[in-house]
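Read the structure below first, then the notes.
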Amino acid sequence: MSLRRAHIVYILFILICTQTFAEDGSQLWLRFEKVSAEISAKRTIKTKSVDPTVLLAKQELEDYWKGNNVELLIDRKLTKLKDGFKITSSGSKLQIVANKPAGLLYAAYHILQKQNEGAEITHYNVEEIPSYDIRILNHWDNLDRTVERGYAGYSLWKWAELPQVLSPRYEEYARANASIGINATVLNNVNASPQILTPEYLTKVKALADIFRKYGIKVYLSVNFSSPKVIGGLENSDPLNKDVQLWWKNKVKEIYQLIPDFGGFLVKANSEGQPGPQDYGRTHADGANMLADAIKPYSGMIMWRAFVYNPTKEDRAKQAYQEFVPLDGQFRDNVIIQIKNGPIDFQPREPFTPLFGAMRNTAQMVEFQITQEYLGFSNHLVYLAPLFKETLDSDAYADGAGTTIAKITDGTVRKISKSAIAGVANIGEDVNWTGHHFAQANWFAFGKLAWNHQLSSEDIAKEWLKLTFTKDETFVKDVTDMMLTSRETVVNYMMPLGLHHIFAFDHHYGPEPWGNMPGGRADWMPWYYHNANEKGVGFNRTTSGSNAVVQYNEPLRSLFNDIQTCPENLILWFHHVSWDHKMKSGLTLWEEICTHYDRGVQDVRAYQRLWDKMESYVDAQRFKEIQSKLKIQIKDAVWWKDACLLYFQTFSRKPIPYYIERPIHELEELKKIKLPLKHHN
Ligand code: BDP
């Protein structure tokens, strides 16, 4: 070989290597390969539609579909498909029918994903109807590009340069969402700046909406209830004030002139210091309905959050129910109450919010947190599908057995005009979008479950792994096992058996069960939640305590109320339990707590070993980055275990069982750790 040829071969080799191995995760689960000219000459992708979304679906298939001929059809009669699709194959042709253009785009991604997973799709017949009408991300992004509880860098939205400069990532973001069926997004933080509704910002919002439209994604905004006063110059923002009503009507009109398919508003009102109708002696229904009336002519929605609590004597877990149940039936049909999965706040484990089982005549939706505010930020590998499913599959016994949260919120139990499900996004400016490569799986899983809440966590994990890393069976099997157990693992090393909210103040990363801020709100203090003393630990929410159990329908009420029947994974949520209480395992509560913390640590050690064994299956960069994150996770797990056990031991006064790993820290030394308040990044 001549020197020159050798040189070319070498350059080609480097190119191939960098193509195959240089990996930063930016491609997410979208790793379709361009088809060759030869293949594309052999098959046709046809459609009569000129709709931009359909043409996009066609283009994606032209570019990446290696299979047979495809025909894309819109059938306006097939309303039962909603924005889903039907695929049938006959001979060498796949026919894809949808009621809406977006349905064809979802179908295109569906078959492209199947193709990449290596599935047989020449003869393929499937009908997919989404579980929820609105599958929405909530960005907690501020206008200065910080992100409340965001751990993947600054916000994607570069407000300062919008609308003139359009980052290519806006379109990549839209494509990623469309590929998993997400069809809506709230661009800004629920702690909303009134500025978002100024003409200046609305033109920026319009620029994003214009990019997202083709991908079937509608834009929503979080609004500040005081906007009429703050940016409108009105005397107040009282929902019964005619001027206020008119201000909102005009504002809505202005928005729809810019963005004809605008989705609606998300509102956090009278919660954690945010303004709301109660500032004027009005109810949540008064506030929500006023906005609903303004937006109704445009078919817009109001998503009104139920995350409300005040520092009163009342158990925080009871407050959303107390505020909203009396208002049941009073909301307009374009209002939907957005309820966090648990009654406190996105903890590693909570029972479901009892409001779901109590409001009979009000549309309700679940809000999950994809960003890991209470689950190790973007440092810990925690696959959230099992957490999402745990809530969706919980039976609220609203109309007897079988009324699961999924069925209440998707409109099966009671018809609702538009069903919805929300996830607080974990997306930021980082190259890999989510900070931790495995956190991409949580964005993916949210989309997949919003599309079909019947899917199993396992199937979603497998699909994600195959699309994101490799189809290799050993890899997929072992790593799926790790993902599936990872949520229980974090519960074990952070807050097992129903313990909750024992985080360090405000930043919610490390352990601080001893935390106390003189003069601070009790319901922001760990001791409020764990109540540890020499007798035992846990929050008594039974009939002899705060009586939160009464908010659950029977048989749950009795089940939770009785220490003998209360599920052990929630026992300290509902009961103050004596250290010597005999658990089902035969261990005392103290021994059981120790065992759980230790199991959490041991499981993370096992993940480290497993991941190291996977080195040959994964590109060097992602392998290394995940390996480094696991090192942080194991250190943190040990920190959590030592902090909680050494602290609780000051009350239990019992030895840590000798069969578990010994603490490596001193309690006093741990108490000195002060992490900077990482509120924003
Ligand atoms: C809590 C967060 C806080 C959010 C709030 C909310 O700590 O930053 O603003 O929820 O959901 O989890 O409104």
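The values are calculated or read from the model by the stated rules, or taken from the named source; none is laboratory data. Note that the structure is predicted; figures quoted are calculated from it, not measured. Note: ideal-geometry Cβ built from the backbone for every residue, glycine included; neighbour counts use all protein chains shown.
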Residues in the range 387-405: is at least one at pLDDT below 95, surrounded by fewer than 20 Cβ atoms within 10 Å (Cβ to Cβ) and among the acidic types (Asp, Glu)?
yes
Go through Phe560, Phe539, Phe574 for me and flag whichever is under 24 Å from Asp642 (Cβ atoms) and either out of contact with any strand residue (DSSP E or B) (no Cβ under 9 Å at 6 or more places or on another chain) or among the charged types (D, E, K, R) (or both).
Phe539
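Matching residues to (1) in contact with a Ser or Thr (Cβ under 7 Å, 6 or more places away or on another chain); (2) surrounded by fewer than 19 Cβ atoms within 10 Å (Cβ to Cβ):
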residue	(1), (2)
Ala176	no, no
Ser179	no, no
Ala184	no, no
Asn189	yes, no
Ala192	yes, no
Thr198	no, yes
Lys204	no, no
Leu208	no, no
With Ser155, Ser131 as the choices, which residue is in contact with an Asp or Glu (Cβ under 8 Å, 6 or more places away or on another chain), polar (S, T, N, Q) and under 29 Å from Glu71 (Cβ atoms)?
Ser131
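Collect the residues in the range 96-132 that are more than 29 Å from the chain's Cα centre (by Cα) and surrounded by fewer than 16 Cβ atoms within 10 Å (Cβ to Cβ), keeping them in residue-number order.
Initial filter on the range 96-132 (more than 29 Å from the chain's Cα centre (by Cα)): 96-97, 120-125.
Matches in the range 96-132: Glu120, Thr122, His123, Asn125.
Quick check, is Glu323 part of a helix (DSSP H, G or I), within 15 Å of the ligand (Cβ to nearest atom) and either touching a Ser or Thr at 6+ places or on another chain (Cβ under 7 Å) or of a type in the set (D, E, K, R) (or both)?
On the way: part of a helix (DSSP H, G or I): yes; within 15 Å of the ligand (Cβ to nearest atom): yes; either touching a Ser or Thr at 6+ places or on another chain (Cβ under 7 Å) or of a type in the set (D, E, K, R) (or both): yes.
Taking the combined requirement at face value, the residue satisfies it.
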Matching option when the condition is in contact (Cβ under 8 Å) with a residue 12 or more places away in the chain, surrounded by fewer than 24 Cβ atoms within 10 Å (Cβ to Cβ), assigned by TED's automatic domain parsing to the domain that holds Asn189 and not basic (Lys, Arg), among Val382, Val413:
Val413
Look at the range 590-610 and say how many of its residues are buried (at least 20 other Cβ atoms within 10 Å of the Cβ) and under 16 Å from Lys477 (Cα atoms).
1
Checking Asp293 against (1) at negative phi; (2) within 16 Å of the ligand (Cβ to nearest atom); (3) among the acidic types (Asp, Glu), the condition it does not meet:
(2)
List the number of the failed condition for Arg521; all other conditions in (1) more than 15 Å from the ligand (Cβ to nearest atom); (2) farther than 18 Å from Lys671 by Cβ hold.
(1)
Would you please name the residue that is surrounded by the fewest Cβ atoms within 10 Å (Cβ to Cβ), looking only at residues in the range 305-357 that are of a type in the set (Phe, Trp, Tyr) and closer than 18 Å to Leu392 by Cβ?
Phe346
Quick check on this structure: which one of Tyr552, Tyr529 is more than 16 Å from the ligand (Cβ to nearest atom) and either surrounded by 19 or more Cβ atoms within 10 Å (Cβ to Cβ) or at pLDDT below 95 (or both)?
Tyr552
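Okay, residues lined up against (1) over 29 Å from Val431 (Cα atoms); (2) within 26 Å of the chain's Cα centre (by Cα):
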{"site": "Val604", "(1), (2)": "no, yes"}
{"site": "Tyr617", "(1), (2)": "no, no"}
{"site": "Pro657", "(1), (2)": "yes, no"}
{"site": "Ile664", "(1), (2)": "yes, no"}
{"site": "Leu667", "(1), (2)": "yes, no"}
{"site": "Lys671", "(1), (2)": "yes, no"}
Return a yes/no flag: does the range 156-166 have any residue that is of a type in the set (S, T, N, Q), in contact with a helix residue (DSSP H, G or I) (Cβ under 6 Å, 6 or more places away or on another chain), more than 16 Å from the ligand (Cβ to nearest atom) and assigned by TED's automatic domain parsing to the domain that holds Lys418.
no
What number goes with the only condition from (1) away from the ligand (no atom under 13 Å from the Cβ); (2) more than 24 Å from Ala385 (Cβ to Cβ) that Val308 does not pass?
(1)
Test Ser652 against the criterion of being among the small types (Gly, Ala, Ser), loosely packed, with under 14 Cβ neighbours inside 10 Å and modelled with pLDDT of 95 or more, and give yes or no.
no
Taking the range 551-592 on its own, how many of its residues are touching a helix residue (DSSP H, G or I) at 6+ places or on another chain (Cβ under 8 Å) and among the acidic types (Asp, Glu)?
3
Does the range 431-454 contain any residue that is small (Gly, Ala, Ser), under 16 Å from Phe623 (Cα atoms) and under 14 Å from the mean Cα position of the chain (by Cα)?
yes
